[in-house]
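S.K.: Below you'll find the structure I mean.
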Amino acid sequence: ERSQLGLPRSSYSYEPRVETDLSLRLMRRIDEVHLNIPFYGIRQMAVHLCRERFEVNRKRAQRLVRKMEVVAIHSAPRTTVEAPEHRKYPYPLPNFAMDRPD
């Protein structure tokens, strides 16, 4: 049954979970590590935190990094950059109307 506002009863009694003290310490450390080593991805960040004796797995580190909106610096794939020394071939059927299969 919906209320007069048109919302289910469960949605206006919802309270978001508060992050634990350990998660807040992890987020602070993730921020510090990211400022010093900005090219670490999720997996390297989780390994780095484990080396510092934080009990964290990849999924928890991933959740916290995404919540903080931290993005690693890396070069993007350059899949559509043309090499100037390569020859361009013309399309072999420029005037062919493709109006049926096969």
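S.K.: List pairs: first residue in the stretch 46-69 and polar (S, T, N, Q), second residue open to solvent by less than 60 Å² (accessible area, probe 1.4 Å) and part of a helix (DSSP H, G or I) anywhere in the structure, Cβ distance under 7 angstrom, at least six positions apart or on different chains.
M.R.: Matching pairs, first to second residue: Asn57/Ala46; Gln62/Ile42.
S.K.: If a residue must be under 30 Å from Leu22 (Cα atoms) and among the hydroxyl-bearing types (Ser, Thr, Tyr), how many such residues does the stretch 34-92 contain?
M.R.: First, pick out the residues of the stretch 34-92 that are under 30 Å from Leu22 (Cα atoms): 34-74.
Those left that are additionally among the hydroxyl-bearing types (Ser, Thr, Tyr): 40.
Qualifying residue count for the region: 1.
S.K.: Name the residues in the stretch 53-66 that are part of a helix (DSSP H, G or I) and surrounded by 12 or more Cβ atoms within 10 Å (Cβ to Cβ), would you? Break it down into steps so the answer makes sense when it comes.
M.R.: Quick first cut of the stretch 53-66, residues part of a helix (DSSP H, G or I) only: 58-66.
If the condition is that a residue be part of a helix (DSSP H, G or I) and surrounded by 12 or more Cβ atoms within 10 Å (Cβ to Cβ), then Arg58, Arg60, Ala61, Gln62, Arg63, Leu64, Val65 are the ones that fit.
S.K.: Output the residues belonging to the stretch 26-40 that are loosely packed, with under 12 Cβ neighbours inside 10 Å, of a type outside the set (Asp, Glu) and in a helix (DSSP H, G or I). Give the steps one after another, and end with the answer.
M.R.: From the stretch 26-40, those loosely packed, with under 12 Cβ neighbours inside 10 Å are 28, 32, 35-36, 39; that's our starting set.
Still in the list and also of a type outside the set (Asp, Glu): 28, 35-36, 39.
Those that are loosely packed, with under 12 Cβ neighbours inside 10 Å, of a type outside the set (Asp, Glu) and in a helix (DSSP H, G or I): Arg28, Leu35, Asn36.
S.K.: From (1) open to solvent by less than 80 Å² (accessible area, probe 1.4 Å); (2) part of a helix (DSSP H, G or I), pick out the condition that doesn't hold for Ala97.
M.R.: (2)
S.K.: Kindly evaluate Arg28 against the criterion of being of a type in the set (Lys, Arg) and modelled with pLDDT under 95. If you could, list the steps in order and put the result at the bottom.
M.R.: Values: of a type in the set (Lys, Arg): yes; modelled with pLDDT under 95: no.
No; evaluated as a whole, the condition is false for this residue.
S.K.: Still on this structure: For Glu19, all conditions in the list (1) in a helix (DSSP H, G or I); (2) open to solvent by less than 80 Å² (accessible area, probe 1.4 Å) hold save one; what is the number of the exception?
M.R.: Unmet condition: (1).
The values are calculated or read from the model by the stated rules, or taken from the named source; none is laboratory data. Because the structure is predicted, anything quoted here is derived from the model rather than measured. Reconstructed Cβ throughout: ideal geometry from the backbone, glycine too, with neighbour counts over all protein chains shown. These area figures cover heavy atoms from the full protein model, side chains too; ligands, DNA and RNA do not enter into them. Shrake-Rupley method; radii C 1.70, N 1.55, O 1.52, S 1.80 Å.
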